[in-house]
Amino acid sequence: MDITDFSLTEQELQQFDRDGFIGPFTLYEPEEMKQMHKTVRAQLFNRTHAPYDAPLDVAITNYDRHLDVDLLTHHVFRKEIVHRLRSILGPDVICWRSEFIPKYPGNEGTDWHQADTFGHASGEPQLVWPEDESFGGAINVWTGFTDATQENGCMLFIPGTHKQMNYDESIGMTFDPVANKDVVKGQYARGFNGYDYSTLQKDKSWQPDEAAAVPIVMKAGQFVIFRSMLMHCSLPNSTTDKTRLGYVARYVPGRVKVYPDTDYVKEFGGEYRLDRFGVVQVAGTATDHKNRVAAKSLSGLDLKPLATY
């Protein structure tokens, strides 16, 4: 039977509202993902059409490659993803960011964090929801390009923590990749791309309830959907030979303002121009009139939303 509608059921929506995440779901079979991983990895080195002109050792080089790598462009439009997102966000859905998140053998864990405005690095919001709406953040779709295990650094979620922010993103953080590397917090070394995320805590004495954390173990080709405001982190990669690679695409309703009133992304100690950036409308037609909308990918693909599914 050919499944053409992947919308979440009422029971699944209730589960998502309660827990802040749902999945994993299988999108690619292991051999299919293995080939996709090989193909995409080779294409990532070609930065002819890459959206940001940044040094290769800066994390932003991993951002938004769905705008220029065709397989990733097709990925963010997959109906197995988009149908489920419409169930959560409504008919008008835009993909505003994507990034690869590698965890190499021996890498530290990722610190506990939540994201609402995504302004945590600079203190300036990158997403602004309408003022009359109480909920914010983004819906993250995290796809495993490799297996994600507790040994190689899978994510941890604390269910139900998406309804209250424990961090104040307007404070901003200091980028210091030397001082903020391999800092032991709790059971193991944790970091956040050169930042100390704990500096944003509203209550400096507060600690996440790690006893309630759930490991998100996934096979290559599977994806999990979660709210960015959900408390999440990842374990360190304790292996000597297995890289964990995830690809996260971030979605919001079209009515959300993306990078409002700025021409730059301000992260990782630098400012990177947005002149090649555009949100991708994956469903519906409506978006905030100030949002930059990409009609074509940077490699020339037409970007047409799933308006008829």
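Count of segment 284-302 residues, restricted to those that are touching a Phe, Trp or Tyr at 6+ places or on another chain (Cβ under 9 Å) and crowded, with 21+ Cβ neighbours inside 10 Å, is 1.
Scanning segment 125-134 for residues that are more than 21 Å from residue 99 (Cβ to Cβ) and either buried (at least 23 other Cβ atoms within 10 Å of the Cβ) or free of Cβ contacts under 8 Å to residues at least 24 places away in the same chain (or both) yields 131, 132, 133, 134. Looking across segment 1-43, the residues that are in a helix (DSSP H, G or I) and either in contact with a strand residue (DSSP E or B) (Cβ under 7 Å, 6 or more places away or on another chain) or open to solvent by less than 50 Å² (accessible area, probe 1.4 Å) (or both) come down to 12, 13, 15, 16, 19, 33, 36, 37, 39, 40. Residues of segment 44-69 that are in a helix (DSSP H, G or I) and either hydroxyl-bearing (Ser, Thr, Tyr) or on the phi > 0 side of the Ramachandran plot (or both): 61 alone. Identify all residues within segment 285-302 that are assigned to a loop (DSSP other than H, G, I, E, B), closer than 24 Å to residue 261 by Cα and not hydrophobic (A, V, I, L, M, F, W, C); write none if there are none. Hits for segment 285-302 are 285, 287, 288, 289, 290, 291, 292, 297. Collect the residues in segment 160-200 that are open to solvent by less than 50 Å² (accessible area, probe 1.4 Å), over 18 Å from residue 122 (Cβ atoms) and either among the polar types (S, T, N, Q) or modelled with pLDDT of 95 or more (or both), keeping them in residue-number order. Of everything in segment 160-200, those that are open to solvent by less than 50 Å² (accessible area, probe 1.4 Å), over 18 Å from residue 122 (Cβ atoms) and either among the polar types (S, T, N, Q) or modelled with pLDDT of 95 or more (or both) turn out to be 160, 161, 162, 166. The set of residues in segment 251-283 being open to solvent by 10 Å² or more (accessible area, probe 1.4 Å), small (Gly, Ala, Ser) and part of a strand (DSSP E or B) consists of 270 alone.
Residue-wise test of (1) assigned to a loop (DSSP other than H, G, I, E, B); (2) without any contact (Cβ under 8 Å) to a residue 12 or more places away in the chain; (3) of a type outside the set (Ser, Thr, Tyr); (4) under 28 Å from residue 33 (Cβ atoms).
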{"residue": "153", "(1), (2), (3), (4)": "yes, no, yes, yes"}
{"residue": "165", "(1), (2), (3), (4)": "yes, no, yes, no"}
{"residue": "170", "(1), (2), (3), (4)": "no, no, no, no"}
{"residue": "176", "(1), (2), (3), (4)": "yes, no, yes, no"}
{"residue": "181", "(1), (2), (3), (4)": "yes, no, yes, no"}
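For segment 96-105, the condition of being more than 13 Å from the chain's Cα centre (by Cα) and either part of a loop (DSSP other than H, G, I, E, B) or surrounded by fewer than 20 Cβ atoms within 10 Å (Cβ to Cβ) (or both) holds for at least one residue.
The values are calculated or read from the model by the stated rules, or taken from the named source; none is laboratory data. Since this is a predicted model, take the numbers as computed values, not measurements. Note that we place each Cβ from the backbone using ideal geometry, even for glycine, and neighbour counts take in every protein chain shown. In case anyone asks, the SASA skips ligands and DNA or RNA and just uses the protein heavy atoms, side chains included. Shrake-Rupley method; radii C 1.70, N 1.55, O 1.52, S 1.80 Å.
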